[in-house]
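What follows is one structure encoded as structure tokens, with my remarks underneath.
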């Protein structure tokens, strides 16, 4: 269990060093805050990126935190509009699949979480495990036992999984549960908040609404 956000930064730096060498020269900011999702990643064309984790994440087991951070870092590692499945597979391809599986087990995503009408998905614990090699599966089983994490079938968790924000020239592209929302670019460090109400997703930048789209829980 982590006790302070400084440990999140330590884990982030460790991930960049060992699994994301293309990012070692980029600036990275990792902090906690009040979110509608477990994590939010935001990156700019200039190269630096920021990860905000839900304030409760610091109480997660460390392997689950690593799995979440790896998913967030893989967003800017591939195309801005890439699917959540492609992001998960990038994490697995970098040898971090057992951490990703621990994270999905911890938040009770045993089965795939299908989004965008089935055209995209977050890989569930079961699918991730099938993609691991023998050594990785053994490491996964040891982590689950050491941290007493029992994967089980469950309904969708209360929070969204994550939000990815790519700030380009003059506009920002938000990827939320696989859905792309394009908005005029707010201030570079503006705070993005989400509100789901009356079957609509409301997107706020610095307390001003910038987008409103139909939203149905799947």
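Out of contact with any strand residue (DSSP E or B) (no Cβ under 9 Å at 6 or more places or on another chain), at pLDDT below 85, outside any strand (DSSP E or B) and within 25 Å of residue 64 (Cα to Cα): does that describe residue 151?
Yes.
Applying the selection to segment 95-109, what residues are surrounded by fewer than 18 Cβ atoms within 10 Å (Cβ to Cβ) and either touching a strand residue (DSSP E or B) at 6+ places or on another chain (Cβ under 7 Å) or over 21 Å from residue 59 (Cα atoms) (or both)?
95
Of all residues in segment 67-81, which are surrounded by fewer than 24 Cβ atoms within 10 Å (Cβ to Cβ) and within 13 Å of residue 94 (Cβ to Cβ)?
77, 78
Return the residues of segment 60-86 that are out of contact with any strand residue (DSSP E or B) (no Cβ under 8 Å at 6 or more places or on another chain) and either within 22 Å of residue 172 (Cβ to Cβ) or in a loop (DSSP other than H, G, I, E, B) (or both); say none if nothing qualifies.
60, 61, 74, 77, 78, 79, 82, 86
Kindly indicate whether any position in segment 114-131 is closer than 22 Å to residue 194 by Cβ, assigned to a strand (DSSP E or B) and in contact (Cβ under 8 Å) with a residue 60 or more places away in the chain.
yes
If residue 17 satisfies all but one of (1) over 21 Å from residue 104 (Cα atoms); (2) surrounded by 13 or more Cβ atoms within 10 Å (Cβ to Cβ), what's the number of the condition it fails?
Result: residue 17 passes all but (2).
Test of understanding: among 183, 176, which residue is surrounded by 19 or more Cβ atoms within 10 Å (Cβ to Cβ) and either within 23 Å of residue 121 (Cβ to Cβ) or at pLDDT below 85 (or both)?
176
The values are calculated or read from the model by the stated rules, or taken from the named source; none is laboratory data. If you're wondering where the values come from, they're calculated on a predicted model, not measured in any experiment. Using ideal geometry, Cβ is built from the backbone for each residue, glycine included, and neighbour counts are taken over all protein chains shown.
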